[in-house]
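Single-structure report; data block below.
Just so it is clear, none of the values below were taken in a lab; they were calculated from the coordinates. These numbers were taken from a predicted model, which means no experiment stands behind them. Neighbour counts are summed over all protein chains in view; Cβ atoms, including those assigned to glycine, are modelled from backbone coordinates with ideal geometry.
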Amino acid sequence: MKLFVERNKNGAVDAEAICVATTCPEMPAVPVKTASQQAIPSIHRTRQGVVEARIVQANQSRGLLAEFSFVISQGINLRGKSVPGIIVLPTVRTFSR
C-alpha cells in the first residue's frame, strides 16, 4: 500500500489508509486464502528450520572432532562416510561374582 504512505506509521494513519483503500474503486480485492494455502508456507518454514538445525549439528560435530585432530571435509553427505570410521565405542566391562 505504498500509495497511502504519507508520514510515520501509527494506528491512526493505518486506519485512515484502510478507509481510503476500501472506498477507492480502482483498488483490487485480494482473494481469501484457503486453509491449505495458508499451511503450505508453514510447512516450508518448518522444513527450513530442520535443515538449519541439521547444518548446525554437522558444524558442531566437525568442530568437536577437529579439537581431537580428526579433520573431515565440509558437507552433510561426507559426514555419514567419515565419522563412523573415526568414532570407536568404548568396550563395556562386565564384572562377574
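FRET efficiency for the pair A53 and S73, taken as 1/(1 + (r/R0)^6) with r the Cβ-Cβ distance and R0 = 22 Å, rounds to 0.60. Can you give me the P(r) profile for the range 33-73? Cα pairs, bins 10 angstrom wide beginning at 0, each as a whole percent. Each 10 Å bin holds this share of Cα pairs: 27, 27, 21, 15, 9, 1.
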